[in-house]
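Comments concern the structure below.
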Protein chains: 2
Amino acid sequence: MSKVRVAAFSISIDGFGAGTEQSLTNAMGVRGMKLHEWFLATRSFRRMHDSSAAGSEGVDESFAAKSFDNIGAWILGRNMFGPVRGPWPDDSWKGWWGDTPPYHTPVYVLTHHPRASLSMKGGTVFHFVTDGIESALARAKEDAGSKDVRIGGGVSTIRQYLLGGHIDELHIALSPVFLGQGEALFTGINLPALGFGPPKVVAGEKATHIVIEKHNGSQE
Amino acid sequence: MSKVRVAAFSISIDGFGAGTEQSLTNAMGVRGMKLHEWFLATRSFRRMHDSSAAGSEGVDESFAAKSFDNIGAWILGRNMFGPVRGPWPDDSWKGWWGDTPPYHTPVYVLTHHPRASLSMKGGTVFHFVTDGIESALARAKEDAGSKDVRIGGGVSTIRQYLLGGHIDELHIALSPVFLGQGEALFTGINLPALGFGPPKVVAGEKATHIVIEKHNGSQE
């Protein structure tokens, strides 16, 4: 059955999903890149741009690979799409990922500012949704069909979908870093009360993987 | 050199060091006991009351054993000592631990309400400190001599000593549970800014162990 999933989303030990001071030259914010070291080492990541690349093949890789498996559509917050704020000045910003983004599906970008859809190489089509998270999710589910919808982030987007009760499965990668400040993923969010079951925790090579799924039926 | 240490302090994945609704019959609060499953399984814990008991002997045990090693004095917040609030009605409450508490050192209990010191079997002496965390620490350090002072908790006590710049080493055990609500250990505390270095993360059998130490000299 089709799921709405958060997958391979990295947070620090102190609970932050992004560092502070995001900018064009530092998309992840201060120290934020340390969150992603585990993913950057994986074969799944390295083969995105070089199909013959090596890369790790252990636990971290298996979680990285699974995060891209069976995804039929993505949803991203605007800040994951780029550093532009306010109305789009023109169509020149096409995401962080160059001509061939790693999505290969429709990608719904949440924004308050309308913009025409954008077709990229490799099958990625960016759609800009201005009428809210439920609307974006409905369109993404329709595109995904029997496949899953992946909520890519960032923190604010995941929090909205969690609080709205829309997430079926959450895989976070706890990276061995303290950021000290940033966007906190779980503050004020009570996952057991939202109906999630006990977590599965798996030690990877460079991160600790945590998976929780929503209960079917009664809450814990 | 003598250190001020937090050790074997358990938190949930969402960052809580205790559950809500602590009471006489539920010292850890709702679901809070799940935080401590890793410790309860260890030989160190099991031998506290039965010197011939078995218990786990792996990674979790090595962290449990180290947490009691070379400790010359303890500091506890009042809520770790017991459920009594306000002035002490009498001297009947002697802690959660029976006649022979597992400390075997002086233990400074932070409280606003004076009370005479209390000598227990096995060398534990509870002292009740009403003039603040620095005073308690000074007395504990004097008692400890070349040994370490362990800040036992709870969350509020650890936060005060962290923010005061008094903690040299912090070992937390991340337990595989989401509590959803409770006392958050790290909210508003910026460990890199306080001078702590990068964490060491070690997967145990039932918890993930995280150790950070204060830098000597300049901050990260």
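The values are calculated or read from the model by the stated rules, or taken from the named source; none is laboratory data. Remember, it's a predicted structure, so these values are computed and weren't measured experimentally. Glycine gets a Cβ as well: all are built from the backbone with ideal geometry, and neighbour counts include every protein chain shown. To get the accessible areas, we keep the full protein, side chains included, count just its heavy atoms, and leave off ligands, DNA and RNA. Shrake-Rupley method; radii C 1.70, N 1.55, O 1.52, S 1.80 Å.
What to note about this one:
- Teacher prompt: A:M48 distances to equivalent labels in other copies, 7 Å Cα→Cβ, nm: 4.7
- Cross-link partners of B:K141 among aspartates and glutamates (Cα-Cα below 20 Å; sequence separation of 8 or more within a chain): B:D69, B:D131, B:D168, B:E169, B:E213
- Candidates B:D69, B:D148, B:D50, ranked by Gaussian network fluctuation over chain B, Cα under 10 Å, top entry: B:D50
- Counting from the shortest, the label point at B:D99, 7 Å from Cα toward Cβ, is 8.3 nm from the same position in each remaining copy.
- Three-way shape call for the range B:38-92 based on the alpha-carbon gyration tensor, with the a/c threshold at 1.5: prolate
- In this structure, the residue pairs whose Cα-Cα separation is over 22 Å, taken from B:K66/B:K94; A:K214/B:K34; A:K66/B:K200, are B:K66/B:K94; A:K66/B:K200.
- What a 1.4 Å probe finds exposed on chain A is 51% carbon and sulfur by accessible area, rounded to a whole percent.
- Buried surface for the A/B pair, taken as the accessible area of each chain alone minus that of the pair with a 1.4 Å probe, is close to 1900 Å² in total.
- Beta carbon of chain B nearest to the axis of the rotation taking B to A, residue and angstrom distance: B:A203, 2
- Positive minus negative residues near B:V4 (Lys, Arg vs Asp, Glu; Cβ under 9 Å): +1
- Over chain B, DSSP H runs of length four or greater, each weighted -39,500 (n - 2.57), average out per residue to a 222 nm ellipticity of -5000 deg cm²/dmol.
- Placing +1 on the Cβ of every Lys and Arg and -1 on the Cβ of every Asp and Glu, with nothing else charged, gives the range B:68-220 a dipole about its Cα centre of roughly 220 debye.
- Heavy-atom surface of the range B:86-185, accessible at 1.4 Å and reported per residue (Å²): 42
- Prolate/oblate/rounded call for chain A, Cα gyration tensor, a/c under 1.5 rounded: rounded
- Percent RCO, i.e. relative contact order, over chain A, from Cα pairs under 8 Å lying at least 6 residues apart: 30
- Prolate/oblate/rounded label for the protein assembly as shown (Cα gyration tensor, a/c 1.5): prolate
- Sorted from closest to farthest, the other copies place their A:V211 label points 3.0 nm away, with each point set 7 Å from Cα along Cα→Cβ.
- Here the protein assembly as shown is treated with +1 on each Lys and Arg Cβ and -1 on each Asp and Glu Cβ, and its dipole about the Cα centre works out to around 20 debye.
- Relative contact order [Cα under 8 Å, 6+ residues apart], the range A:113-182, whole percent: 15
- For the range B:53-174, the equivalent ellipsoid derived from the Cα gyration tensor has semi-axes of 23, 18, 14 Å, listed largest first.
- About the Cα centre, charge dipole magnitude for the range B:77-137 (Lys/Arg +1, Asp/Glu -1 at Cβ), debye: 120
- Farthest positive-ward along the range A:21-175 dipole, Cα basis, beta-carbon charges - from A:G55, A:H36, A:I133: A:H36
- Rounded to the nearest 10 square angstrom, A:F196 shows an accessible area of 0 square angstrom against a 1.4 Å probe.
- Each of the peptides B:160-168, B:81-89, A:60-68 was scored by the mean count of other Cβ atoms within 10 Å over its residues; in descending order, highest first, they stand as A:60-68, B:160-168, B:81-89.
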